[in-house]
Amino acid sequence: MSDQQPLLETRDLSVRYGGVTANQDVSLTVEPGEIVGLIGPNGAGKTTFVDAVTGFARSTGEVRVGGKRVDGLPPHRRRRSGVARTWQAGELFDELTVAQNLAVAVQRPGLRGLIRDVLTGSVPPAATIGSALETVGLVDVADRRPPELSLGQQKMVGVARALVGGTSLLLLDEPAAGLDTHESQHFGVELRRIAAAGPGVLLIDHDMSLVLDVCHRLYVLDFGKVIATGTPEEIRNAPQVVAAYLGSPLVDTAAAVDGGRS
Amino acid sequence: MSVFIQFVFLGLTLGAVYSVFATSLVGVYAATGIVNFAQGSVALWAAYTVAALRTDGTLVLPFGGSLRFGDVTSPMPMVLAVVVGVLSAGLLALLAHLLVFRPLRSAPPLANVAASVGLMLFLQALVVLRFDTDALFAQPVLPFKTFTLGNVVVNASDLIMGGTAVLVALLLWAYFRLTTTGVATRAASEDELAARLVGFSPDRLAAVVWVVTAMASGLIVVLGAYTIGLDPTSYTYYVVPALAVALVGRLTSFGVACAAGLLMGAFQAVLLWANTLEWWPSWAQAGLGDAIPFVVVVIALFVLGGKIPARGALTQVAMPEVRIPRLRPLPVAGVVGLAALAIALTSDSWRFGIVTSLILSLIALSLVLLTGYLGQISLASMAFAGTAGFTLSKATTEWHVPFPISIVLSAGLATLLGVGVGIPALRIRGAQLAVVTLAAAFAIQSFVFNNPSFTPYSGNLIGTPNLFGLDLSVRRGTDLITLRFSMLVLVVVTTTTLVVMRWMAGSTGRSFLAVRSNERAAASVGINVAATKLLGFALSAFLSGVAGCLIGYSRGQLSAASFSVVAGLSLLAIAYCGGITSVGGALVAGFIGPLGVFYVFLNQTLDLGQYYQVISAGGLLLMAVTNPVGAAGANAEMLRRLRRRRSEHSSTSARTPTVAPAKGLTSKVETHV
């Protein structure tokens, strides 16, 4: 490895919920411009890992972003250090329009915000928001509210919201669930384009063709532990991965319902 | 020491009332998920019913006439009167369930708070209207016997009260834990559909709990009224300490609620005794007992830790719709011009009503920002206003702070208080937060506003406002309210409202709405949720504080009655129904609010001033039931549908392939954000 610090580095990250160990000693890195996949059967601890990195689950071990420790910081501080995430269940602001959902991520509240509101009206930066929406192909619905959109579109709004407001690392929790095959392929292309511009991406998804197609490297989780890591080609043939998936097809389209943990 | 124990026993009677109210609240919460602020006023009705029956055999009906069951020489027998009184409480609760709370089953929590506060105010006003409250006294129900325990003389009645409270708690506990219907009631509260599928009717189960708890609360008040004394306000507000102890039991434990209630009564009695001690500081002589509930709530929430279980909901409850305001010069100028014209064309009480409405709308606006936008229910707005008002009195008369700075200084102090009251909001939400803020409001009212050490009974004069030598005082000669002062109020209220509208339409409003909508997601986009909530409380308290200063200047002299908690409660309820998410709703609330234009209209034009509270609280209930998301919510929904239809028409015709998408978006973002 080079001297340069990885964008995201976790060392021996563990999360326990009561007696259950959801993540155990997970060590993982994401480099700038890299798309890293995180796969595993339902309940393997993928979402928990994202929760732990973004500050929504209590964890032990180290989390470094650009070399700086962020474990122990509250979620909003981690977001401000460049770590953005999406949610499995969308978690959009239903009362705000799509454009306003993004605007909230750009202009944060505070005393400065109060003065800016009065003096300038705090018009959201249309160019920033526009290009983020263009990336996910949702320019047409900028003034709609999330409940009026399809599940797939809501997920994409979540991705766009994670893109704005200073993002160096993108953690995507099943963004493609709800997209059809064609949309999923298009999303893969866009994801490559996003990563090429600099940010690192950690992608969780059950759409194996998407994951194997776009990711540079993969980590496989089972029962909270990393059981394999490597390129998509290596993972496809790793015996322990096949064993973990035994009894369930490798391409598992059923979305895991493991929300409500935090 | 024996005196100490003596007072502990004396406190059992009041403690029993707290205790039964608290266990009743726990029961209602377990069955319906509603925090019933009206628990005390239902019991109040029972107490006055018994008092009237025992005086001259009159059975007062809530509406229409009354029935006679005897006369002054031979009133209704005691046992029968108690039974009728207790039944009346049960009947009122059944009506409340059928007419108010059942229709609001799937409404937002704020609708339930508004409705139960409305019911509380309505019943209290009804008691004052229907009963001759000045002439009626409670008569003894329990025996006068005393006996000695060691060297302490104990009233049998105190022990019977305490025993009754324990019995009520035991029975409620047994009902909810041991009987099939009780368990089904809890289950139905958590999952209505599942309960229906198994063959229970959640409505009927809830109705049973409403009636039983109301009868228990009625009984304990009827039994204790002779010892405690009967007046139309105190029982209504005993719900505050009761809520505090119910919170100690996490709104789920009958045992803890019962024990904590008895303890609080005993503790307050001991405080009364402590007041007579020589070394007891004079500042602690008034209102400390009423401040205890707030302290208890804070301890329950922070020191004991743990969370109050929220009621399981099948679907996401709807929040009141929001329409982000757009500042258009013409309508703004129109409204301001109209107000100026109204002020210029009126005088004396009408003009005073208009000015009061303007000031109240500012307080309502503070609630729009905090409750409508940020989703934090606060019942303490009047306490913030009062804090600023009393500070203004000190600032102008003792420290001689000149006019505009005096307002900023006083409102600044209210802001600090607002942040303090807002801290519990970092842990709890919804109706529980309403309880905490209500307890805080009572603590401030009793301990600060009613405490002669801070606010002398001799009056809190306020210096006349002067600006660059211009006399802006409210009165001149026989003129009750001068044009100059009225215009000053109009200018201050207009400027502040415009600033608030900019906040609502800007990044602050959007972030508030984001926090209201989804705290987790808000944190994930980088919003500091805790700081944002405190910011909301600070801004809201500041606005209320400015309004409190204007109230101060308009009265020239302040008393605790200028900022009663009740006025704050009705203002929130009115603001909710007028539209808690819009500036228009705040204006409506100011119009209808206490001593505002609507009151003057009732009082001067219709000569119905004494019906003001019944009419406004009754109207409030009606609005809350027919329009659970608020009037503005309903209007906004309709408008949005209309606009959607129109924009769909225009966008399909205007869509041309040559328009670049990014450009199209730019204009869209600008027009819609």
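None of the figures in this text is laboratory data; all of them are computed from the coordinates on show. Nothing here was measured: the structure is a model prediction, and the numbers come from that model. For neighbour counting, all protein chains shown are included, and Cβ atoms are generated from backbone atoms with ideal geometry for every residue, glycine included.
Here are a few things to note about the model shown:
- The Cβ shell under 11 Å around B:Leu480 holds other residues with a net charge of +1, Lys and Arg each +1, Asp and Glu each -1.
- Evaluated with a Cβ-only charge set (Lys, Arg +1; Asp, Glu -1), chain A carries a dipole of roughly 1060 debye about its Cα centre, given to the nearest 20.
- Adding -39500 (n - 2.57) for every DSSP H run of four residues or longer, then dividing by how many residues chain A holds, sets the calculated 222 nm ellipticity at -10000 deg cm²/dmol.
- Within 10 Å of the Cβ of each residue in B:528-536, the mean number of Cβ atoms contributed by other protein chains is 3.
- In Hz, Karplus ³J(HN,Hα) per residue of the range A:62-69 (6.51, -1.76, 1.60; θ = phi - 60°; x = Gly, Pro): 9, 10, 10, 10, x, x, 9, 5
- Shape category assigned to the range B:2-287 from the gyration tensor of Cα positions, a/c cut at 1.5: oblate
- Which of A:Arg77, A:Arg193, A:Arg85, A:Arg217 has the fewest Cβ neighbours within 10 Å, and the rest in rising order: A:Arg193, A:Arg77, A:Arg217, A:Arg85
- Exposure proxy ranking for B:Ile444, A:Ile227, based on other Cβ atoms within 10 angstrom of each Cβ and starting from the fewest, stands as A:Ile227, B:Ile444.
- Protection proxy ranking of B:497-503, B:146-152, A:38-44, B:479-485, by the mean of other Cβ atoms within 10 Å over each peptide's residues and highest first, is A:38-44, B:497-503, B:479-485, B:146-152.
- When only the Cβ of Lys, Arg, Asp and Glu is charged (+1, +1, -1, -1), the dipole of chain B relative to its Cα centre reaches about 2440 debye.
- Around the Cα centre of the range B:2-287, unit charges on the Cβ atoms of Lys, Arg, Asp and Glu (plus for the first two, minus for the last two) sum to a dipole of about 560 debye.
- Hz values of 3J(HN,Hα) by residue in the range A:85-95 - Karplus curve (6.51, -1.76, 1.60), Gly and Pro given as x: 9, 10, 10, 4, 9, x, 6, 8, 8, 5, 7
- Pair A:Arg69, A:Ser27: separation of 7 Å Cα→Cβ label points (nm): 1.7
- Exposed GluC sites (Glu not before Pro) absent: longest stretch of chain B, with sites in DSSP loops and at most 13 other Cβ within 10 Å deemed exposed: B:1-277
- Length added when fully stretched, B:Leu327-B:Phe601, from 0.36 nm per residue minus Cα-Cα: 95.6 nm
- Ranked by how many other beta carbons lie within 10 Å on average, peptides A:230-239, B:370-379 from highest: B:370-379, A:230-239
- Within chain A, percent of DSSP bridges classed antiparallel, to nearest 5: 55
- Label sites at B:Leu480 and B:Glu278, each approximated as a point 7 angstrom past Cα along Cα to Cβ, lie 5.2 nm apart.
- Test item: B:512-518 mean partner chain Cβ contacts at 10 Å: 6
- Under a 5 Å amide H cut-off, with hydrogens placed 1.01 Å from N, A:Gly37 pairs with A:Leu203, A:His216, A:Arg217, A:Leu218, A:Tyr219 among residues at least 5 apart or on other chains.
- Taking amide hydrogens as placed 1.01 Å from N in the peptide plane, the amide H of A:Lys225 sits under 5 Å from those of A:Gln24, each at least 5 positions away in sequence or on another chain.
- Within chain B, helix-based [θ] at 222 nm, where runs of 4 or more DSSP H residues each add -39,500 (n - 2.57), nearest 500: -22000 deg cm²/dmol
- With a 10 Å cut-off around each Cβ of A:118-124, the average count of Cβ atoms from other chains is 6.
- Theoretical FRET efficiency, 1/(1+(r/R0)^6), r = Cβ-Cβ of B:Val83 and B:Arg520, R0 60 Å, to 0.05: 0.70
- For B:Phe69, residues with placed amide H under 5 Å, excluding near neighbours: B:Thr58, B:Leu59
- Here the Karplus curve 6.51 cos²θ - 1.76 cosθ + 1.60, taken at θ = phi - 60°, turns the phi angles of the range B:562-574 into couplings of 5, 10, 5, 4, 4, 4, x, 4, 5, 5, 5, 4, 5 Hz, with x standing for Gly and Pro.
- Cα gyration tensor shape for chain A, rounded if a/c is under 1.5, else prolate or oblate: prolate
- Rounded is the label for the range A:1-95, because the ratio a/c of its alpha-carbon gyration tensor axes (a ≥ b ≥ c) stays below 1.5.
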